[in-house]
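The values are calculated or read from the model by the stated rules, or taken from the named source; none is laboratory data. Everything numeric in this text was worked out from a predicted model, so none of it was measured. Every residue, glycine as well, gets a Cβ built from its backbone with ideal geometry; the counts of neighbours run over all protein chains shown.
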């Protein structure tokens with residue numbers, strides 16, 4: 001596969017401007033391609049193009065065109081799925097199966113919102129005899145989409161597809177770690193025959209200047225950001241002067257609650273994948289195993305065996321069960337956390353680095369102190385804590401003990417308890433007897449430090465829509 005240098009995409013044309021940066025394969029540290037870095041000036045050009053397309057074209061009033069474009073984009077991504085997945089393996093480090101699953105999830109997401117594009121309806125209310133209020137749902141304007149590196153295909157389309165379906169135009173910033181993946185997706189998007197120029201624009205980033213310019217731009221009306229809670233808070237503050245709308249899907253610290261009547265073998269199967277998918281670099285990954293005391297020893301033995309059996313290696317190797325971390329810097333960060341876990345808790349299974357590449361084997365540690373940063377903060381790697389609880393009330397209290405509330409799971413055969421605990425846990429998604437089940441149709445989002453708004457599902461449109469009230473009195477208009 002020949003990999004061209006990744007350029008920007010502005011107003012329907014590729015722009016090869018800016019200093020060149022290298023894209024690094026985290027599995028072996030070699031350079032696999034280059035990209036042009038963006039700038040605030042390029043953001044201004046892209047935002048002006050998107051704003052011009054929004055106001056000068058019929059895009060926001062043409063739901064059938066928007067649906068057609070989204071279906072075409074989905075078809076183009078589908079046709080290039082093998083190439084896109086290969087790039088994800090090379091640039092992101094995840095397994096080939098994970099890369100293909102992510103790519104097909106993006107296709108599903110795009111087709112889902114293509115269908116919703118033709119089903120955006122307002123309402124009407126009769127206020128008094130002869131007086132009507134019409135409530136119209138219309139596009140918010142220009143959407144800025146800031147994409148993370150951990151799922152650069154799915155998480156792009158998870159924001160872009162609803163933005164386009166709602167009638168917005170867009171400016172996108174990909175992650176600096178995955179510019180080649182993004183460029184290939186942009187090539188697929190640009191190949192959609194019915195896409196008018198200026199509707200979708202993209203600027204590469206090599207630091208923070210592009211993201212800062214997007215958030216500050218008066219020509220961008222909405223920011224959709226997926227990433228860390230710290231960066232999300234900075235974006236929210238920086239967006240305040242322009243009072244733009246901000247949708248934030250941020251960090252997580254997902255607890256998995258395992259009761260004494262759970263099917264432990266099933267729980268271990270679900271939670272091994274649920275915690276180690278993408279090497280634990282996913283915000284809804286199971287990060288804390290909260291285990292009922294009567295089964296704690298049995299669960300710990302089974303999950304330790306499962307973690308120890310994980311084969312860590314290159315995503316291109318069919319025998320690998322878990323790929324690499326995104327880069328050497330993050331590998332070093334997680335290694336420091338492993339040492340901290342040994343100091344503050346009891347090590348059950350200590351992860352280690354491989355001879356080369358940004359690889360780490362899984363880590364399990366036991367901890368009781370809820371105030372520890374290891375419990376309170378998102379670790380974002382193949383490192384999971386084990387905590388013991390003694391009754392349902394303590395399980396719920398521990399599950400809710402952090403400032404995050406993105407996802408959780410509950411394992412029990414008792415249907416009433418499953419429902420009761422799921423309702424009590426403060427999280428946007430609670431899976432019962434499963435973990436890490438995500439669908440285009442089902443909203444995700446967080447409580448607390450895990451963000452604002454929802455993505456996926458019909459509510460995924462809400463960040464990109466405004467409600468306009470049009471009042472009319474019968475017998476007055478046209479009289």
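Based on what the data block shows, is residue 298 in a helix (DSSP H, G or I), modelled with pLDDT of 95 or more and at positive phi? Judged against the criteria, residue 298 is not a match. Being part of a loop (DSSP other than H, G, I, E, B) and under 25 Å from the mean Cα position of the chain (by Cα) is the filter; apply it to region 30-58 and report the residue that is surrounded by the fewest Cβ atoms within 10 Å (Cβ to Cβ). Taking the candidates together, the pick is 39.
Looking only at region 378-396, residues that are closer than 23 Å to residue 452 by Cα and surrounded by fewer than 18 Cβ atoms within 10 Å (Cβ to Cβ) come to 0 in all.
Residues in region 2-13 that are farther than 14 Å from residue 179 by Cα and either surrounded by 20 or more Cβ atoms within 10 Å (Cβ to Cβ) or without any contact (Cβ under 8 Å) to a residue 12 or more places away in the chain (or both): 2, 10. Where strands (runs of 3 or more DSSP E) sit wholly within region 95-159, those with at least 3 residues that are assigned by TED's automatic domain parsing to the domain that holds residue 198 and more than 25 Å from the chain's Cα centre (by Cα) occupy 123-128, 131-139. Among the residues of region 25-36, just one is closer than 27 Å to residue 215 by Cβ and either modelled with pLDDT under 95 or in contact with a helix residue (DSSP H, G or I) (Cβ under 8 Å, 6 or more places away or on another chain) (or both), namely 35.
Of the set (1) assigned to a helix (DSSP H, G or I); (2) within 16 Å of residue 363 (Cβ to Cβ); (3) under 24 Å from the mean Cα position of the chain (by Cα), all apply to residue 324 but (1).
Every listed requirement among (1) assigned by TED's automatic domain parsing to the domain that holds residue 143; (2) out of contact with any strand residue (DSSP E or B) (no Cβ under 7 Å at 6 or more places or on another chain) is met by residue 455 save one, (2). Residues in region 423-479 that are under 21 Å from residue 408 (Cβ atoms), free of Cβ contacts under 8 Å to residues at least 12 places away in the same chain and part of a loop (DSSP other than H, G, I, E, B): 437 alone.
Entry remark, region 322-336: residues being surrounded by fewer than 16 Cβ atoms within 10 Å (Cβ to Cβ) and without any contact (Cβ under 8 Å) to a residue 40 or more places away in the chain number 3 in total. May I ask you to say which residue of 84, 120 is in contact with a helix residue (DSSP H, G or I) (Cβ under 7 Å, 6 or more places away or on another chain) and farther than 16 Å from residue 183 by Cα? Just one listed residue meets the conditions, 120.
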